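To keep things clear, I will list the structure first and then write my remarks on it.
The values are calculated or read from the model by the stated rules, or taken from the named source; none is laboratory data. Computed from a prediction, not measured in an experiment: that's the story for all the values here. Please note: Cβ atoms are built from the backbone with ideal geometry, for glycine as well, and neighbour counts cover all protein chains shown.
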């Protein structure tokens with residue numbers, strides 16, 4: 001795979017040339033040192049990639065010549081991460097790593113123990129920042145699919161309204177959990193196939209409150225253990241997605 005990747009969300013399927021936006025051009029040419037003649041893979045985040053050659057390494061409007069295009073096969077399993085917001089910039093790292101693992105959707109949540117409080121304007125800026133983090137991660141790892149970054153929403157309301165999933169899981173430190181392997185085996189025994197749309201719910205520092213856990217269980221979420229050790233929220237999120245991805249592909 002060529003060393004250089006560039007995000008081109010508005011490129012047409014049959015494009016012969018692609019002119020990159022200013023910020024993407026700056027990152028490709030100034031940061032990554034792409035030069036005229038270098039191979040570049042442009043992608044739109046929806047599975048379409050264009051194999052290109054850099055024609056003009058302009059720092060504000062790089063021009064790529066398309067050699068061929070291809071459409072990646074849809075993901076066989078769609079993983080959604082619903083993550084209660086952790087402190088600081090930890091959510092940035094969660095978004096990056098969730099993109100690398102192949103999450104299809106990321107839903108940031110405000111829970112009872114969430115220590116981050118954002119008004120409308122700040123929430124929108126945070127969401128934009130996370131979308132940028134996902135793009136950077138996709139370029140780094142070669143993922144042609146960008147996850148949808150949903151608006152920040154209330155955890156309890158999300159739990160109660162989460163529909164359209166084959167399997168809904170919640171990482172839990174409480175008693176009465178089962179393992180992911182057992183949950184997937186039970187689903188496969190009942191439906192004769194693995195779940196195609198799976199939702200993982202992961203709490204903040206201190207986990208979800210007992211009331212939130214009860215709400216989740218009543219809404220059909222299965223409490224899943226992530227092992228005997230207490231994991232940081234970012235570790236728990238990436239671990240949960242990783243073991244799910246592995247099990248679904250095995």
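A few notes on this one:
- The residues listed here are 236, 216, 171; of these, the one that is under 23 Å from residue 95 (Cα atoms), crowded, with 20+ Cβ neighbours inside 10 Å and free of Cβ contacts under 8 Å to residues at least 60 places away in the same chain is 216.
- Each residue in the range 219-233 was checked for being without any contact (Cβ under 8 Å) to a residue 24 or more places away in the chain and either surrounded by 14 or more Cβ atoms within 10 Å (Cβ to Cβ) or assigned to a helix (DSSP H, G or I) (or both), and 1 of them qualify.
- Answer residue from the range 51-80, given it is assigned to a strand (DSSP E or B) and within 17 Å of the chain's Cα centre (by Cα) and is farthest from residue 107 (Cα to Cα) among those: 78
- Count of the range 6-25 residues, restricted to those that are in a helix (DSSP H, G or I) and crowded, with 17+ Cβ neighbours inside 10 Å, is 2.
- Filtered residue count, the range 239-250, keeping only those that are crowded, with 20+ Cβ neighbours inside 10 Å and either on the phi > 0 side of the Ramachandran plot or free of Cβ contacts under 8 Å to residues at least 24 places away in the same chain (or both): 0
- Subset of the range 161-206 [in contact with a helix residue (DSSP H, G or I) (Cβ under 9 Å, 6 or more places away or on another chain) and part of a helix (DSSP H, G or I)]: 180, 181, 184
- Count of residues meeting criterion [at pLDDT 85 or above and surrounded by fewer than 18 Cβ atoms within 10 Å (Cβ to Cβ)] in the range 101-123: 2
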